[in-house]
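*Asks:* First, the structure itself, so that you have it in front of you.
Values quoted throughout were computed directly from the atomic coordinates according to the rules given, and no laboratory measurement underlies them. From a predicted model like this one, the values you see are computed outputs, not experimental measurements. In this analysis, Cβ positions are derived from the backbone assuming ideal geometry, glycine residues included, and neighbour counts consider all displayed protein chains.
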Amino acid sequence: MARRRRKRPIFEMEIEEVIFPNKGVGRYKENKVIVKGGIVGQIVKVMITRRRKDYYQGKILEVIKRSPIEETSRCPHSDRCGGCMYQTLDYSKELKIKEELVMELFNEENLLDIEFLGIEPSPRENEYRNKMEFTFGDEDGKLSLGLHARGKFYEIVGVKHCNIVDEDFRRIRNEVIEYFKEKEIPHYHKKRHEGILRHLVVRKALSTGEILVNLVTSSQGELDLEELIEKLKTLELEGKITGFLHTINDNLADAVNVDRLEVLYGREYLIEEILGLKFKISPFSFFQTNTFGAEKLYSIAREFAGDVDDKVVFDLYSGTGTISIIMAPLAKKVIGIEIVEEAVEMAKENAKLNRLDNVEFIAGDVLKEVDNLKEKPDLIIIDPPRDGINPKAIGKIIDFNPDKFVYISCNPVTLVRDLKEFERRGYRVNKVKLMDMFPRTPHVEAAILMTYCGSDKE
C-alpha cells in the first residue's frame, strides 16, 4: 500500500528579523520559522519544508505585503528572478541593513572594542558586474536565456532588462537568444539530460572595454556559430568583443565545466586594469565581479597593511594573484599560495605583464605549503574561499607570528569564527571595514586588520 504524503502547512507570517546573509525569521504557531530571503516587515506566504529540533524550515511562496521600507522595484524582473534581493530598497537602506547584520555577527562572538569603520558603497549601484553567467531554459514553452527563478531549480527567467549589468551585456544576451530561437536549437534539459544550449557567459573588462563571450553547450549536436559571431561583431557596443569561445560541457551538474574549449574568434582572454596594474583574465579565472569595487577593496587592504617597504608579505589563497601584484610594488617580496594550478599560472603571467620580479607564486594547498616556507613574513594577507580558513591550517598560519594580519572575507559568518582563534592566540582585531561588492544582493566583503598583542611582543 502506497504511503500517503503529508500535506505541508502553508500560512502567512511577518518577517521579524533577518540573519546574515539572507535568512528571514518569523513564527508559525509560536514556533520559529526560518526561510531563505525576506526583508523585515514583509508579510509572506510560507510553506513548511522541514522540521528541525527547535525551529521549522520554510520556503517563501509569495510576498503578500511589502515592508514599510520597500519602494517600487528598479528591475522589471525582480518579482520572479532569483539573482537579486534588494531591488526594492533605496541603496542607503540596503547598506545600513548589511552593516547592522555584520555588526551583529561580531557582537554575537563577543568581538568587541573594535574600530568599526562602516561600509564603503560600491562606486556603481547598478551595472556593476563584469561577469554574468546566463542559463538557457524554458519559459512558458519558449526558449529562454536568463537566471534561475527565485526558489526554483528548473525554471529560468529571461532577464532582457537586467540592471546589474551594463547595456553591452544586455545587447549580447538579447542577440544570442533571438538567434537560437530563430534556429530552433533546443536548450539542455537538466532532468532528461537532453538538448544542446546550456549557458552563455559574458565577461567585460570595465576599465578597458574588452569583452569575452563564451557559449556553453553539450556535445549532442553540431553547431555552426559563424553567423552568430558575425551578428555579435556588428552590434553597437560601448566595448569591443575580443574573443568568442565555445565550451563543450557534458557534465550532469548545472555548472559551467569544461570538457573541451574552442576559440572561434579572437583570443581567449581579456585585459582588465586595477589601480594602474594590468590583469590577464581567462574564461575560468576567478576575478572580483565588481571591478571598481575591487579597486576600493584593495585600496583598503593596502591602507591596513601600512608601510611594507623592505618587508616580506605572504598572500594566502592568492587566486590569480591580484592582491600579490598590487602589494608587490610596495614590498620587498611577496609570496602567494593558491591551490588552483590554472590560477597560479595566470598569476605568474600577470606578474610578468606588470614587470614584477619580487613576487613568487606557489601552486598547492595552503595547509601543506606553509610547512615549506622558510622566510619570516612581516605581514600575512588572507583571502580564503567562502568556507573560511581550513581549521587544520589556521594554527600553522598563526605560528608565523607576523606583526600584522589583513584578512579579507566574502563570508562574515566564517570570518568571525576564524577571528576567535586569532584572538585566542594573541591577536587583536583593530579595524573592520565593509566593502559592498554586490549591490542588490545580501552579500558583502569585509577587510580586517589584526595586530599581535601577545606577551612575547608586549
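*Asks:* Under a 5 Å amide H to amide H cut-off, with H placed in plane at 1.01 Å, what residues pair with Glu139 once short-range neighbours are removed?
*Replies:* Here Ser144 satisfy the definition.
*Asks:* Give the relative contact order (percent, whole number) for the chain; include only Cα pairs under 8 Å separated by 6+ residues.
*Replies:* Worked out over the chain, it gives 12 percent.
*Asks:* Can you compute the FRET efficiency between Arg260 and Arg50 using 1/(1 + (r/R0)^6), with r the Cβ-Cβ distance and R0 = 35 Å? Round to the nearest 0.05.
*Replies:* 0.30
*Asks:* Let a ≥ b ≥ c be the square roots of the eigenvalues of the Cα gyration tensor of segment 293-412; is it rounded (a/c under 1.5), or, if not, prolate (a/b larger than b/c) or oblate?
*Replies:* Rounded, since a/c falls under 1.5.
*Asks:* Taking θ as phi - 60°, what are the ³J(HN,Hα) couplings along segment 71-80 by the Karplus curve (6.51, -1.76, 1.60), each to the nearest whole Hz, with x for Gly and Pro?
*Replies:* 10, 5, 4, 8, 10, x, 9, 5, 6, 10
*Asks:* Would you kindly derive the ³J(HN,Hα) couplings of segment 199-204 from the backbone phi angles with the Karplus curve 6.51 cos²θ - 1.76 cosθ + 1.60 (θ = phi - 60°), listing them in order in whole Hz, with x for Gly and Pro?
*Replies:* Here the 3J(HN,Hα) series is 9, 10, 10, 10, 10, 9 Hz.
*Asks:* Along the Cα-to-C-beta direction of Glu104, a point sits 7 Å from the Cα; which residues of segment 64-82 have their amide N less than 17 Å from that point?
*Replies:* Flagged as within label range: 67-70.
*Asks:* Points 7 angstrom from Cα along the Cβ direction at Thr451 and Lys32: gap in nanometres?
*Replies:* My value for the distance between the label points is 3.8 nm.
*Asks:* Can you check what the net charge comes to around Ile382, using other residues whose Cβ is under 9 Å from the Cβ of Ile382 (Lys, Arg +1; Asp, Glu -1)?
*Replies:* -3
*Asks:* Taking a ≥ b ≥ c as the square roots of the eigenvalues of the Cα gyration tensor of segment 84-202, is the shape rounded (a/c under 1.5), prolate (a/b larger than b/c) or oblate?
*Replies:* prolate
*Asks:* Tyr154 versus Thr72, label points 7 Å from Cα toward the beta carbon: distance in nm?
*Replies:* For the pair Tyr154/Thr72, the computed spacing is 3.7 nm.
*Asks:* Shifting gears a bit: Could you run the Debye sum over the Cα atoms of segment 10-70, one equal point scatterer each and no solvent, and tell me log10 of I(q)/I(0) at q = 0.14, 0.16 Å⁻¹, two decimals?
*Replies:* Computed log10 I(q)/I(0) values: -0.31, -0.40.
*Asks:* Right, here's the next one. I need to check one value: relative contact order of segment 1-119, counting alpha carbon pairs closer than 8 Å and at least 6 residues apart, in percent.
*Replies:* Across segment 1-119, relative contact order equals 18 percent.
*Asks:* Please give, to one decimal in nm, the separation of the simple spin-label points placed at Asp310 and His193, each 7 Å out from Cα toward the Cβ.
*Replies:* 6.2
*Asks:* To continue, here is another question. Beyond 20 Å between alpha-carbons counts as too far, so tell me which of Lys311/Lys376; Lys45/Lys98; Lys280/Lys311; Lys376/Lys433 fall in that bin.
*Replies:* Exceeds cut-off: Lys45/Lys98; Lys280/Lys311; Lys376/Lys433.
*Asks:* Using θ = phi - 60° and the Karplus relation 6.51 cos²θ - 1.76 cosθ + 1.60, list the HN-Hα couplings for segment 325-336 in order, rounded to whole Hz, with x at every Gly or Pro.
*Replies:* Taking θ as phi minus 60°, the curve returns 6, 6, 7, 4, x, 9, 10, 6, 7, 10, 10, x Hz for segment 325-336.
*Asks:* What's the extension gain from Glu115 to Leu61 if we count 0.36 nm per residue and subtract their Cα-Cα distance?
*Replies:* That works out to 15.4 nm of additional length.
*Asks:* Here's another thing I want to ask about it. Can you grab the distance from the C-alpha centre of segment 143-169 to the C-alpha centre of segment 284-316, Å, no decimals?
*Replies:* Taking the Cα centre of segment 284-316 as reference, the centre of segment 143-169 is 31 Å away.
*Asks:* For a quick check: with amide H placed at 1.01 Å from N, whose amide H comes under 5 Å from Glu120's, ignoring anything fewer than 5 positions away on the same chain?
*Replies:* Leu434, Met435, Asp436
*Asks:* Test of understanding: what is the full-extension gain from Glu175 to Leu225, defined as 0.36 nm times their sequence separation minus their Cα-Cα distance?
*Replies:* Contour length minus Cα-Cα distance gives 16.7 nm.
*Asks:* Another one. Check which residues have an amide H placed less than 5 Å from Thr208's amide H, if you skip close sequence neighbours.
*Replies:* Amide H to amide H, under 5 Å and 5 or more residues apart or across chains, Thr208 pairs with Glu273.
*Asks:* Could you work out the relative contact order of segment 10-70, using alpha carbon pairs under 8 angstrom and six or more residues apart, expressed as a whole percent?
*Replies:* It rounds to 31 percent for segment 10-70.
*Asks:* Which of the peptides 98-111, 226-239 is most tightly packed, and how do the rest follow, judged by the mean count of other Cβ atoms within 10 Å per residue?
*Replies:* Averaged packing, sorted descending, gives the order 98-111, 226-239.
*Asks:* For segment 391-418 and segment 1-61, write down the distance between their C-alpha centroids in whole Å.
*Replies:* 34
*Asks:* Given 0.36 nm per residue, what is the gain on full extension from Glu342 to Glu375 after removing their alpha carbon distance, in nm?
*Replies:* 9.4 nm
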